Amino acid sequence: MAEFFGFKITRDKPKSDPKQNFSTPQAEDGTQVVAAGGYFASHLDMEGNAKTEADLIRRYREISIHPECDMAIEDIVNEAITSNENKQSVKVITDDLQYSSKIKVRIEQEFAEVLRLLQFNTRGHDLFRRWYVDGRIFFQKVIDAENTKNGITELKYLDPRKVKKIQNKAFENGLFVQAIRYPTVPKNKDLLRINLTSGHNLKQIEKLLNFLRYI
(Lines give C-alpha, C1' and ligand atoms only; values in the text may rest on other atoms or scores of the structure.)
Protein backbone atom coordinates (compact mmCIF):
# COMPACT_ATOMS: atom_id res chain seq x y z
CA MET A 1 0.00 0.00 0.00
CA ALA A 2 1.28 3.47 -0.92
CA GLU A 3 -0.02 6.85 0.18
CA PHE A 4 0.35 10.08 -1.86
CA PHE A 5 -1.15 13.42 -0.88
CA GLY A 6 -3.69 11.72 1.38
CA PHE A 7 -4.74 9.13 -1.22
CA LYS A 8 -4.11 5.41 -0.62
CA ILE A 9 -3.20 3.06 -3.46
CA THR A 10 -3.77 -0.62 -2.68
CA ARG A 11 -3.92 -3.90 -4.60
CA ASP A 12 -7.26 -5.41 -5.46
CA LYS A 13 -8.23 -8.17 -3.05
CA PRO A 14 -9.69 -11.36 -4.58
CA LYS A 15 -13.39 -11.53 -3.92
CA SER A 16 -14.69 -14.67 -2.25
CA ASP A 17 -17.65 -16.53 -3.66
CA PRO A 18 -20.68 -15.54 -1.53
CA LYS A 19 -22.40 -18.77 -2.55
CA GLN A 20 -19.61 -20.86 -0.96
CA ASN A 21 -19.45 -23.13 -3.99
CA PHE A 22 -16.99 -26.02 -3.62
CA SER A 23 -17.94 -28.26 -6.54
CA THR A 24 -17.20 -27.86 -10.23
CA PRO A 25 -19.96 -27.99 -12.86
CA GLN A 26 -20.81 -31.52 -13.99
CA ALA A 27 -21.27 -32.27 -17.69
CA GLU A 28 -24.87 -33.40 -18.24
CA ASP A 29 -24.28 -34.80 -21.76
CA GLY A 30 -22.02 -37.66 -20.68
CA THR A 31 -18.76 -36.09 -21.86
CA GLN A 32 -15.59 -36.63 -19.84
CA VAL A 33 -12.25 -34.86 -19.61
CA VAL A 34 -9.38 -37.14 -20.65
CA ALA A 35 -5.86 -36.15 -19.57
CA ALA A 36 -3.11 -36.65 -22.12
CA GLY A 37 -0.07 -38.81 -21.39
CA GLY A 38 0.36 -41.09 -18.40
CA TYR A 39 0.62 -44.86 -18.32
CA PHE A 40 -1.69 -47.84 -18.66
CA ALA A 41 -2.05 -50.99 -16.62
CA SER A 42 -4.47 -53.87 -16.13
CA HIS A 43 -5.13 -56.38 -13.39
CA LEU A 44 -7.21 -59.48 -12.77
CA ASP A 45 -9.46 -59.49 -9.72
CA MET A 46 -9.65 -63.14 -8.61
CA GLU A 47 -11.98 -62.39 -5.70
CA GLY A 48 -14.56 -60.42 -7.68
CA ASN A 49 -15.35 -58.18 -4.70
CA ALA A 50 -15.49 -54.41 -4.70
CA LYS A 51 -12.99 -52.94 -2.28
CA THR A 52 -14.55 -49.48 -2.04
CA GLU A 53 -17.86 -47.79 -2.77
CA ALA A 54 -16.27 -46.16 -5.83
CA ASP A 55 -15.46 -49.63 -7.20
CA LEU A 56 -19.02 -50.73 -6.49
CA ILE A 57 -20.52 -47.74 -8.31
CA ARG A 58 -18.14 -48.25 -11.23
CA ARG A 59 -19.25 -51.87 -11.47
CA TYR A 60 -22.92 -50.87 -11.38
CA ARG A 61 -22.33 -48.45 -14.25
CA GLU A 62 -20.44 -51.04 -16.30
CA ILE A 63 -23.28 -53.53 -15.88
CA SER A 64 -25.88 -50.93 -16.87
CA ILE A 65 -24.14 -50.45 -20.25
CA HIS A 66 -24.96 -53.99 -21.39
CA PRO A 67 -27.92 -53.89 -23.82
CA GLU A 68 -30.15 -56.28 -21.85
CA CYS A 69 -29.61 -54.40 -18.59
CA ASP A 70 -29.99 -51.03 -20.30
CA MET A 71 -33.37 -52.04 -21.72
CA ALA A 72 -34.54 -53.36 -18.34
CA ILE A 73 -33.42 -50.17 -16.56
CA GLU A 74 -35.16 -48.01 -19.17
CA ASP A 75 -38.41 -49.94 -18.63
CA ILE A 76 -38.20 -49.38 -14.87
CA VAL A 77 -37.39 -45.68 -15.23
CA ASN A 78 -40.18 -45.14 -17.75
CA GLU A 79 -42.65 -46.80 -15.37
CA ALA A 80 -41.51 -44.60 -12.47
CA ILE A 81 -41.15 -41.26 -14.30
CA THR A 82 -44.05 -40.60 -16.63
CA SER A 83 -44.10 -37.91 -19.31
CA ASN A 84 -47.35 -35.98 -19.15
CA GLU A 85 -47.72 -32.34 -20.09
CA ASN A 86 -50.82 -31.92 -17.93
CA LYS A 87 -49.65 -33.76 -14.80
CA GLN A 88 -46.51 -33.81 -12.65
CA SER A 89 -44.53 -37.03 -12.31
CA VAL A 90 -44.14 -36.49 -8.56
CA LYS A 91 -46.07 -34.48 -5.98
CA VAL A 92 -46.23 -34.05 -2.24
CA ILE A 93 -49.44 -35.09 -0.47
CA THR A 94 -50.24 -33.20 2.73
CA ASP A 95 -53.75 -34.55 3.38
CA ASP A 96 -52.76 -36.49 6.52
CA LEU A 97 -50.58 -33.76 8.06
CA GLN A 98 -51.96 -32.22 11.23
CA TYR A 99 -51.14 -28.66 10.19
CA SER A 100 -53.09 -25.66 9.00
CA SER A 101 -53.90 -25.18 5.35
CA LYS A 102 -51.48 -22.22 5.24
CA ILE A 103 -48.54 -24.43 6.24
CA LYS A 104 -49.61 -27.14 3.79
CA VAL A 105 -49.66 -24.62 0.95
CA ARG A 106 -46.20 -23.42 1.99
CA ILE A 107 -44.88 -27.00 1.93
CA GLU A 108 -46.29 -27.52 -1.57
CA GLN A 109 -44.72 -24.27 -2.77
CA GLU A 110 -41.30 -25.23 -1.42
CA PHE A 111 -41.59 -28.70 -2.97
CA ALA A 112 -42.36 -27.09 -6.32
CA GLU A 113 -39.29 -24.87 -5.86
CA VAL A 114 -37.08 -27.94 -5.28
CA LEU A 115 -38.41 -29.48 -8.49
CA ARG A 116 -37.59 -26.25 -10.31
CA LEU A 117 -34.03 -26.23 -8.96
CA LEU A 118 -33.60 -29.85 -10.03
CA GLN A 119 -35.10 -29.02 -13.46
CA PHE A 120 -37.19 -32.10 -12.87
CA ASN A 121 -39.50 -31.51 -15.84
CA THR A 122 -36.58 -31.93 -18.25
CA ARG A 123 -34.07 -33.95 -16.19
CA GLY A 124 -36.33 -36.17 -14.08
CA HIS A 125 -35.68 -39.25 -16.22
CA ASP A 126 -31.88 -38.83 -16.06
CA LEU A 127 -31.88 -38.08 -12.31
CA PHE A 128 -33.95 -41.15 -11.50
CA ARG A 129 -31.74 -43.33 -13.72
CA ARG A 130 -28.58 -42.03 -12.01
CA TRP A 131 -30.04 -42.81 -8.60
CA TYR A 132 -31.24 -46.26 -9.72
CA VAL A 133 -27.89 -47.28 -11.27
CA ASP A 134 -25.57 -45.81 -8.62
CA GLY A 135 -27.84 -46.60 -5.67
CA ARG A 136 -27.32 -43.05 -4.34
CA ILE A 137 -27.37 -39.46 -5.52
CA PHE A 138 -25.84 -36.31 -4.02
CA PHE A 139 -26.37 -32.60 -4.57
CA GLN A 140 -24.62 -29.53 -3.23
CA LYS A 141 -27.08 -26.98 -1.86
CA VAL A 142 -25.73 -23.58 -2.92
CA ILE A 143 -26.76 -20.66 -0.68
CA ASP A 144 -25.77 -17.04 -1.19
CA ALA A 145 -24.08 -16.06 2.08
CA GLU A 146 -24.72 -12.37 1.36
CA ASN A 147 -28.45 -12.89 0.91
CA THR A 148 -29.52 -15.95 2.89
CA LYS A 149 -33.19 -14.96 2.74
CA ASN A 150 -33.27 -16.23 -0.84
CA GLY A 151 -32.64 -19.75 0.49
CA ILE A 152 -31.20 -22.38 -1.82
CA THR A 153 -30.25 -20.78 -5.14
CA GLU A 154 -28.84 -23.83 -6.94
CA LEU A 155 -28.58 -27.61 -6.65
CA LYS A 156 -25.40 -29.04 -8.18
CA TYR A 157 -24.98 -32.75 -8.84
CA LEU A 158 -22.03 -34.40 -7.09
CA ASP A 159 -20.37 -37.58 -8.31
CA PRO A 160 -20.96 -40.15 -5.51
CA ARG A 161 -17.53 -41.67 -6.22
CA LYS A 162 -15.89 -38.47 -4.99
CA VAL A 163 -17.90 -37.80 -1.84
CA LYS A 164 -15.54 -39.74 0.42
CA LYS A 165 -12.60 -37.82 -1.03
CA ILE A 166 -14.04 -34.69 0.58
CA GLN A 167 -13.82 -36.40 3.98
CA ASN A 168 -10.21 -37.47 3.42
CA LYS A 169 -9.24 -34.01 2.19
CA ALA A 170 -10.85 -32.48 5.28
CA PHE A 171 -8.79 -34.75 7.56
CA GLU A 172 -5.62 -33.60 5.82
CA ASN A 173 -6.56 -29.99 6.60
CA GLY A 174 -7.26 -30.70 10.27
CA LEU A 175 -11.05 -30.77 9.89
CA PHE A 176 -13.27 -33.59 11.10
CA VAL A 177 -15.97 -34.16 8.46
CA GLN A 178 -17.59 -37.55 8.82
CA ALA A 179 -19.06 -39.57 5.95
CA ILE A 180 -22.10 -41.53 7.19
CA ARG A 181 -23.05 -44.64 5.26
CA TYR A 182 -25.22 -47.71 5.46
CA PRO A 183 -25.98 -49.41 7.86
CA THR A 184 -25.65 -46.34 10.16
CA VAL A 185 -28.22 -44.62 7.94
CA PRO A 186 -30.74 -46.23 5.57
CA LYS A 187 -29.58 -47.35 2.16
CA ASN A 188 -29.19 -44.55 -0.40
CA LYS A 189 -29.25 -41.96 2.42
CA ASP A 190 -25.49 -41.37 2.74
CA LEU A 191 -24.57 -38.10 4.46
CA LEU A 192 -21.67 -35.81 5.26
CA ARG A 193 -21.82 -34.72 8.90
CA ILE A 194 -20.34 -31.40 10.06
CA ASN A 195 -20.83 -30.59 13.74
CA LEU A 196 -20.51 -27.03 15.05
CA THR A 197 -20.52 -26.47 18.81
CA SER A 198 -20.11 -23.54 21.18
CA GLY A 199 -16.50 -24.65 21.67
CA HIS A 200 -15.55 -23.67 18.12
CA ASN A 201 -14.19 -20.17 17.69
CA LEU A 202 -14.61 -17.82 14.74
CA LYS A 203 -11.21 -18.70 13.30
CA GLN A 204 -12.07 -22.40 13.17
CA ILE A 205 -15.43 -21.69 11.52
CA GLU A 206 -13.74 -19.49 8.91
CA LYS A 207 -11.26 -22.30 8.23
CA LEU A 208 -14.15 -24.69 7.61
CA LEU A 209 -15.91 -22.24 5.29
CA ASN A 210 -12.72 -21.65 3.33
CA PHE A 211 -12.26 -25.41 2.97
CA LEU A 212 -15.80 -25.88 1.66
CA ARG A 213 -15.39 -22.90 -0.65
CA TYR A 214 -12.13 -23.89 -2.33
CA ILE A 215 -12.05 -27.71 -2.16
> Quick one: residue 128 ticks every box in (1) surrounded by 15 or more Cβ atoms within 10 Å (Cβ to Cβ); (2) out of contact with any helix residue (DSSP H, G or I) (no Cβ under 6 Å at 6 or more places or on another chain); (3) at pLDDT 85 or above; (4) of a type outside the set (D, E, K, R) bar one, so which box is it?
Replying inline: (2)
> So which residues in segment 87-121 are part of a helix (DSSP H, G or I) and closer than 15 Å to residue 157 by Cα, if there are any at all?
Replying inline: 114, 115, 116, 117, 118, 120
> So is residue 167 out of contact with any Lys or Arg (no Cβ under 8 Å at 6 or more places or on another chain), within 30 Å of residue 204 (Cα to Cα) and surrounded by 14 or more Cβ atoms within 10 Å (Cβ to Cβ) or not?
Replying inline: yes
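The values are calculated or read from the model by the stated rules, or taken from the named source; none is laboratory data. This structure is a prediction, so every number in the text was calculated from the model and none was measured. Please note: Cβ atoms are built from the backbone with ideal geometry, for glycine as well, and neighbour counts cover all protein chains shown.
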